[in-house]
Amino acid sequence: MKKILSIAVMIIACLPVWAQVTVYESGTEGYKSFRIPGLVKLPDGTLLAFAEGRVGDANDFGNIDIVVKKSKNNGKTWSPLRLVADNKDMQAGNPAPVVDLTDPAYPRGRVFLFYNTGNNHESEVRKGNGLREAWYVTSSDGGDTWDAPVNITAMVHRPKQAPYNFTEDWRCFFNTPGHAMQFTTGTFKGRIYVATNHSAGDQQPRFMEYRAGGYYSDDHGKTFRISEDVSFPGGNEAMATELGNNKLMLNVRNQQKNVKARIIAISSDGRSWDTAYYDHNLPDPVCQGSLITLGFKKGKAILAFSNAADTLNRDNLTLRISQDEGKTWTQRYPIDSTGEKNNSAYSDILAIGKREIGILYEKDKYSRIIFTTRKYKK
């Protein structure tokens with residue numbers, strides 16, 4: 001028995017220990033709560049971790065700012081927070097950052113932070129009692145300073161509320177929670193794409209009026225066009241990434257709650273959708289997930305995906321790797337699981353080194369946003 005115990009101790013000692021660094025903690029730095037993590041990497045390797053800073057409480061609507069912290073050592077330590085966007089005593093939320101690496105006017109890259117503002121609760125906006133707008137701010141010095149906000153609502157949203165008066169009557173409107181993306185290869189190289197979801201028309205049971213989609217820019221944020229809706233009703237928070245052969249994948253939360261799995265949509269042109277289906281290999285409790293392209297092998301994208309891989313609770317945060325553009329997910333890495341409700345929820349991921357993923361995620365019933373890493377196989 002002693003020999004068996006000794007072997008067990010040796011095995012445990014050899015297992016990798018992954019550091020968990022608290023980046024944001026509720027009740028500190030002037031905010032009652034931090035939620036909705038977003039993560040990008042600058043060309044020099046600096047990491048930027050964005051979040052909603054909720055001033056008075058943890059509710060989804062209220063006095064909410066968008067803040068950012070920097071790390072210059074792959075997430076081991078983080079700077080004090082900086083304010084990026086605010087809407088006075090109203091809501092500025094859903095941070096969706098991306099680094100534009102192809103604009104010749106900004107050879108060191110320019111950070112875009114897309115976000116939404118709102119003047120009422122989601123439940124009221126669905127009824128037509130409120131307005132959500134779309135904005136972005138940019139930084140050309142790595143997130144130290146930010147230019148004036150740019151309102152792009154008329155280009156990317158279709159609200160009936162004045163002063164817009166669109167007949168489509170989109171009401172709720174949300175950027176992807178997490179990061180936006182930029183094509184790195186192919187015909188659409190340089191295209192910035194922001195995944196979204198919106199509600200259209202009168203409120204329906206089980207969020208059936210919700211649709212996922214997105215908008216994109218081919219001229220570094222000067223103009224934007226809207227993608228078509230994904231056909232699935234109830235499409236909520238979405239994340240986009242590039243595939244081989246100029247294709248785009250959208251990975252979507254299913255707000256209907258009838259199927260506890262992610263919705264996948266594929267586009268060949270970034271505007272319309274060739275196919276959409278449930279991926280039952282990606283279980284989900286109705287929560288957000290994060291998707292990135294790690295590279296390409298024989299023209300096929302290697303993907304990484306993280307979510308709370310549980311059909312009941314926001315727990316069991318899991319990282320998965322696909323070598324075949326999401327047809328199969330052959331590698332699975334548990335990140336955080338305790339069996340408790342809301343233990344691990346929203347997350348965002350990026351590649352930070354050779355076969356290493358950085359994960360920024362909500363922990364302990366939304367009381368902290370922490371950063372950790374995982375190695376994956378080639």
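The values are calculated or read from the model by the stated rules, or taken from the named source; none is laboratory data. These numbers were taken from a predicted model, which means no experiment stands behind them. Note that each Cβ is placed from the backbone with ideal geometry, even for glycine, and that neighbours are counted across all protein chains shown.
Close contacts from the stretch 201-218, counting a first residue that is touching a residue at least 24 places away in the same chain (Cβ under 8 Å) and acidic (Asp, Glu) and a second that is surrounded by fewer than 16 Cβ atoms within 10 Å (Cβ to Cβ) and not in a strand (DSSP E or B), with Cβ to Cβ under 6 Å and a gap of 6+ residues or different chains, come to 209/201.
Take residue 277 and decide whether it is farther than 17 Å from residue 183 by Cα, part of a strand (DSSP E or B), touching a residue at least 12 places away in the same chain (Cβ under 8 Å) and aromatic (Phe, Trp, Tyr). Before you say what the answer is, go through the steps one by one.
On the way: farther than 17 Å from residue 183 by Cα: yes; part of a strand (DSSP E or B): yes; touching a residue at least 12 places away in the same chain (Cβ under 8 Å): yes; aromatic (Phe, Trp, Tyr): yes.
Considered against the rule, which asks whether it is farther than 17 Å from residue 183 by Cα, part of a strand (DSSP E or B), touching a residue at least 12 places away in the same chain (Cβ under 8 Å) and aromatic (Phe, Trp, Tyr), residue 277 comes out as yes.
When 322, 337 are screened for being touching a Phe, Trp or Tyr at 6+ places or on another chain (Cβ under 6 Å) and not aromatic (Phe, Trp, Tyr), only 322 passes. Taking the numbered list (1) more than 15 Å from the chain's Cα centre (by Cα); (2) surrounded by fewer than 23 Cβ atoms within 10 Å (Cβ to Cβ) in turn, residue 171 passes all entries but (2).
Taking the conditions (1) crowded, with 18+ Cβ neighbours inside 10 Å; (2) at pLDDT 95 or above; (3) within 15 Å of residue 238 (Cβ to Cβ) in turn, residue 266 satisfies each one other than (1). Among the residues of the stretch 177-212, those identified as surrounded by 23 or more Cβ atoms within 10 Å (Cβ to Cβ) and touching a helix residue (DSSP H, G or I) at 6+ places or on another chain (Cβ under 8 Å) are 194, 196, 199. Among the residues that make up the stretch 117-136, is at least one of them touching a Pro at 6+ places or on another chain (Cβ under 9 Å), under 15 Å from residue 50 (Cβ atoms) and modelled with pLDDT of 95 or more? Yes.
Taking each residue of the stretch 167-193 that is farther than 26 Å from residue 351 by Cβ and looking for partners that are among the β-branched types (Val, Ile, Thr) and surrounded by fewer than 21 Cβ atoms within 10 Å (Cβ to Cβ) with beta-carbon atoms closer than 9 Å, six or more apart or interchain, yields 173/153.
When 196, 185 are checked against the criterion of being among the polar types (S, T, N, Q), part of a loop (DSSP other than H, G, I, E, B) and in contact with a Phe, Trp or Tyr (Cβ under 8 Å, 6 or more places away or on another chain), a single residue qualifies: 185.
Per the conditions (1) under 19 Å from the mean Cα position of the chain (by Cα); (2) within 21 Å of residue 346 (Cβ to Cβ); (3) surrounded by fewer than 22 Cβ atoms within 10 Å (Cβ to Cβ), the sole criterion not satisfied by residue 53 is (3). Among the residues of the stretch 234-263, which ones are out of contact with any helix residue (DSSP H, G or I) (no Cβ under 6 Å at 6 or more places or on another chain), assigned to a loop (DSSP other than H, G, I, E, B) and under 17 Å from residue 284 (Cα atoms)? Those that are out of contact with any helix residue (DSSP H, G or I) (no Cβ under 6 Å at 6 or more places or on another chain), assigned to a loop (DSSP other than H, G, I, E, B) and under 17 Å from residue 284 (Cα atoms): 257, 258, 259, 260. Considering the stretch 280-307, the residues that are of a type in the set (S, T, N, Q) and either over 21 Å from residue 177 (Cα atoms) or in a strand (DSSP E or B) (or both) include one that is farthest from the chain's Cα centre (by Cα), namely 281.
Filtering the stretch 31-65 down to residues that are of a type in the set (Asp, Glu) and part of a loop (DSSP other than H, G, I, E, B), which residue is nearest to residue 367 (Cα to Cα)? Even if it seems obvious, please write down each step before you answer.
Keep residues of the stretch 31-65 that are of a type in the set (Asp, Glu), which gives 44, 52, 57, 60, 65.
Among the residues that remain, those that are also part of a loop (DSSP other than H, G, I, E, B) are: 44, 57, 60.
On the way: 44: 31, 57: 11, 60: 14 Å.
Only one residue fits best here, namely 57.
Looking only at the stretch 119-166, which residues are aliphatic (A, V, I, L, M) and in contact (Cβ under 8 Å) with a residue 12 or more places away in the chain? Quick ask: steps written out before the conclusion?
Of the residues in the stretch 119-166, the ones aliphatic (A, V, I, L, M) are 125, 131, 134, 137, 148, 150, 152, 154-156, 162.
Within the stretch 119-166, 125, 131, 134, 137, 150, 152, 155, 156 qualify.
Highlighted here are the strands (runs of 3 or more DSSP E) found entirely within the stretch 311-361 that include at least 2 residues which are surrounded by fewer than 16 Cβ atoms within 10 Å (Cβ to Cβ) and not hydroxyl-bearing (Ser, Thr, Tyr): 331-336. Taken together, 93, 75 contain a single residue that is surrounded by 19 or more Cβ atoms within 10 Å (Cβ to Cβ) and part of a loop (DSSP other than H, G, I, E, B), which is 75.
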